[in-house]
1. Looking at (1) modelled with pLDDT of 90 or more; (2) buried (at least 24 other Cβ atoms within 10 Å of the Cβ); (3) in contact with a helix residue (DSSP H, G or I) (Cβ under 6 Å, 6 or more places away or on another chain), which is the only condition residue A:179 fails?
2. Would you confirm, using the coordinates I've provided, whether residue C:69 is modelled with pLDDT of 90 or more, part of a strand (DSSP E or B) and among the aliphatic types (A, V, I, L, M)?
3. Sort through C:186, C:179, C:155, C:121 and tell me the only one that's over 17 Å from residue C:216 (Cα atoms) and among the hydrophobic types (A, V, I, L, M, F, W, C).
4. Please name all residue pairs, on different chains or six or more residues apart, with Cβ atoms under 8 Å, provided the first residue is in segment A:257-275 and is free of Cβ contacts under 8 Å to residues at least 24 places away in the same chain and the second residue is in a helix (DSSP H, G or I).
5. Which is within 9 Å of another protein chain (Cβ to nearest Cβ) and not in a loop (DSSP other than H, G, I, E, B), of C:139, C:97, C:110?
6. Does segment B:42-61 hold any residues that are crowded, with 24+ Cβ neighbours inside 10 Å and either within 12 Å of another protein chain (Cβ to nearest Cβ) or among the hydrophobic types (A, V, I, L, M, F, W, C) (or both), and which are they?
7. Could you tell me which numbered condition residue B:291 fails, if it satisfies all but one of (1) modelled with pLDDT of 85 or more; (2) over 30 Å from residue B:171 (Cβ atoms)?
8. I'd like the full set of residues that are surrounded by 13 or more Cβ atoms within 10 Å (Cβ to Cβ), farther than 21 Å from residue A:161 by Cβ and among the small types (Gly, Ala, Ser), limited to segment A:281-317.
Amino acid sequence: MFTALLGALFFALGVNATSAYAAEGEGLQGALSSGNQPVAGVKINATQNGQPVGSVVSGADGKWTLSVPPGKYEVVLDESTLPENVGLQGAAGPTRSLEVFEGAMRNVLYPLGPVGAGAPPPESEPTMLDRLPNLVYTGVHIGLILALGALGVSLIFGTMGLTNFAHGELITFGALAAFVFNSTIGLPLWLALVLAVVAGGGFGWLQDRFFWGWLRKRRTGLVGMMIVSIGLAMVLRYVFLFQFRGDTRQYADYAAQAGVEIGPLLIAPKNLIMDAVAILVLVAVSFALLKTRLGKATRAVSTNPSLAAASGIDVDKIIRLIWTIGGALAALSGVMLGMFQGVNFQMGFQMLLLVFAAVTLGGLGTAFGALLGSMVVGVVTQVSTLWVPTELKNVSALAALIIILLIRPQGILGRRERIG
Amino acid sequence: MDWNLIIQVSFESIIGSTAIIYALAAIGLNVHFGYTGLLNFGQSAFLGVAAYGLAMSVTTFGLPFWVGIGVGLLGAVVLALLLGVPTLRLRADYLAIVTIAAAEIIRLLFRSVSLSEWTGGSDGLQRFSDDFYAMNPYSQGIKILPLIDMDSRDLWVLTVGWILVALACLIVWLLMRSPWGRVLKAIREDEDAVRSLGKNVFSYKIQALILGGVLGSLGGFMFALSRAAVQPDTYGTELTFFAYTILILGGAARVFGPVVGAVIFWFLIVFIDALLIELIKVGAIPTAIMDPNQAGSVRYILVGVGLMCLLIFRPQGIFGDKKEVMLDAR
Amino acid sequence: MPAETLPSLADVPREPGAKKPDAILVADGVVRRFGGLTAVNVNHVEIPRGRITALIGPNGAGKTTFFNLLTGFDKPDEGTWTFNGKTLGGVPAHKVARLGMVRTFQLTKALNRLTVMDNMLLGATGQKGENFFRALIPATWRAQEREITERAEELLVRFKLDAKRNDFAGSLSGGQRKLLEMARALMVRPDMVMLDEPMAGVNPALTQSLLGHVKALREDGMTVLFVEHDMDMVRDISDWVIVMGQGSVLAEGTPDEVMADPRVIDAYLGAHHDDEPSEEPPAPVAAAADAPETAAEKPAGEEKA
């Protein structure tokens, strides 16, 4: 009993966090898809020593779960329940023999693909050169999403020295806020976006007004604050999970917009529009940083907070402004990401590492380095899929981070520090 | 309400394998963060590399159990070198970001379909622990209701686990009262000062990273053996963050801090979780407010709140000395 | 070696880069650039053995950067230097310290959460117990630890810190930290001690005792090179003064000679005129005001006007 229950608890702990499945206890599970479409209504039977122990039908999302006690099982996919134009691929057939262990869900893989009359004729494998332009475009698109998050991370690091691990949740917050405005309340997506950005700015402001500002006054150390931000990230992330559950959902508008061909590129118009918005916003913020009084004050605070304070700049006010801007930018980033890949409770957290990679690549605390780093990370992740499997694309970005740090430790635009 | 069940799981969590695993992970982190001031956010990778080193050696390549242990330990040392050499000359934040990135890389590689021939993909690996359980001297379990009910396998895991925890504590205790430990603590305070006194700071940081990683890797072995399986997603960043919470809860830079922290942490988590689930089951908490799935996220929210409150109000841990932390200039 | 038996500095020419009879440290063509700015550009400089040499100059003259370069805490773009006849270019900081050249820092680096005694013990070099494997077996390092503790105890008594030996270093006052840092540096048994602004932020009551300690280093045969803004202190204790301005050596000589040198006054006042008032700490202003009247009255703006 001990191990079973504890194991179940533990499983939920370890796997809920990072996998899309949110099941508890031991059992079998899988997700059926053909192409990129989930395959629903497929029956799967499990037997033990010839005795049937259960059967299940895949849901609308193609997922199925069957709770069974630990032991050895035969799992059979009922091919007659497959849609007409879909069939099992590979030589493995419909039967799997496997063992379920204590406290663990066992994944059962069934590769499905188009077959028969309904299936499109197999196309010749697109060449590298064909794929490159689209990959570069997607890389730039993701780079812009990253840049919106990275600018905030970089500015917050620059002005208050905090590596904010809760920034990913600001991104998620924006995406979820837009989801509430759009799908729950029913506002058009553009309005939901604007409201989400305002809400994100407000959320950033509130965080600094009632939390980070208070910690600064208490003189909490920087390492302490960094770990506090980890705690805050966890709280927010699981409040999101509590409220919104673990599913990935789409906005009500433009969810599956068809792409249009532009030269060698195939792009959904919504992505192009979002790119334009992101570039406009990034240029505006950069311009403000360079040209306005507030922007100059911000840079003064990043360079030397005590000197800035001595020359009459209200450092607290600047930092609060940075949090507001950072929150708004992150919210925009979140909505963009949500339109690109759907909305879920940990989308921001999954982006956070790439955002950090971008900021570190550019040089910690340099705003323009963050923009440059984002583009590098975005394009590297996508283009690397020419050589590495898609599931490992983030590995390439993170590996690129480590390699660049080896060659140029201070980042692309960073400066070396003086000692003594 | 099944109070007996709640009492049993809560009590068992105090001595259970999860507390052991996290105690070992946090003892390693204590060497890194508590004593040397290294911000290692990739402790999960050390546990993962050890666990997979063992599992892959035995299951995939058919090597003997002890060779697997050797491979796991070697893996932890190599990982420490890989992480340390590029980053330990840089500012502390860089180590934090590179370690967390490396931990993710490693988890993604473990769960990758293209490597599943060796790693088992997202299913992980099983059937590597037979030799371990064959060494089990206990013929039967122990049952003292309502406190405890475990079989001989559990008993064997706990015996080995607590011996490892005791050994790890002994090593840390011996080292930290030696001149070697003095150098580490000095590096935590100000590495330039230590350099100016003729110590090779880089070398000590690498040694600390390796030691903490190897101690953490013991936790990885226990993780793999107690579950008789390895799964990539159990070695995610949450593991590292939990270990930080445990370390700060018990008190950083204290020999028994991580052990005390792990025991209290898992007792609270398991108790609250079991209580919530029971309350939902008997209808004391209406499912409109919370269903059993949502109860799962409550524990994370509590951990997060706990971590924040500790850092803000008791950064020295629940038993720590406030004076010492006040001197922290960072 | 008492100072009287050292070769006299009377015959050394009063010019930048002057040859010294017995130089412990000789630097040649040391250049350090930060982006477009050349922070240090020292053609040739020699530090006399067994003497107290002051390194002065206005803010931004490159004194601390030069210190960092000499002690291996920063790497020059060009240049070589020798210490006790050994070439030090490219030698990492910890090896420089082991060779007998130990520095302190402008912002005191007391190791706050270590006790005063642990701070001291850390300074001793060649400790067996600092090896990972020996550290696990106390028997291998106990005896040496006892020896080191005795030596530390003596130094603590000398620096009047013995009553604080079990306190955390973080609980000491600013002046006591300076003392501790100096005492800790002596645990290394250096030939040369480099002090970066030993008087900065020290309460006046402690100044005299600190001065005494610096002089005592010379009595013990050590060479001292220190950066300082307080001209009284420079005049009081130094045998030789090297003036830096805009990265290079402007002048050398005895304290009185250097302070009367118009080039030096210009360097200070000129720098004063160029800088924003808010950035200028009071020390150089005070120093300039302390300089001989004739020189101070000579309008520094002459060149500019």
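The values are calculated or read from the model by the stated rules, or taken from the named source; none is laboratory data. As the structure is a prediction and not an experimental result, all values here were calculated from the model. Cβ coordinates were reconstructed from backbone atoms using ideal geometry, including for glycine residues, and neighbour counts include every protein chain displayed.
1. (3)
2. no
3. Working: C:186 fails: over 17 Å from residue C:216 (Cα atoms); C:179 fails: over 17 Å from residue C:216 (Cα atoms); C:155 fails: over 17 Å from residue C:216 (Cα atoms).
Criteria check complete, one pass: C:121.
4. A:257/A:269; A:257/A:270; A:260/A:269
5. Values: C:139 fails: within 9 Å of another protein chain (Cβ to nearest Cβ); C:110 fails: not in a loop (DSSP other than H, G, I, E, B).
Criteria check complete, one pass: C:97.
6. First, pick out the residues of segment B:42-61 that are crowded, with 24+ Cβ neighbours inside 10 Å: B:42-55, B:58.
Scanning segment B:42-61 gives B:42, B:44, B:45, B:46, B:47, B:48, B:49, B:50, B:51, B:54, B:55, B:58.
7. Failed condition: (1).
8. Within segment A:281-317, A:286, A:288 qualify.
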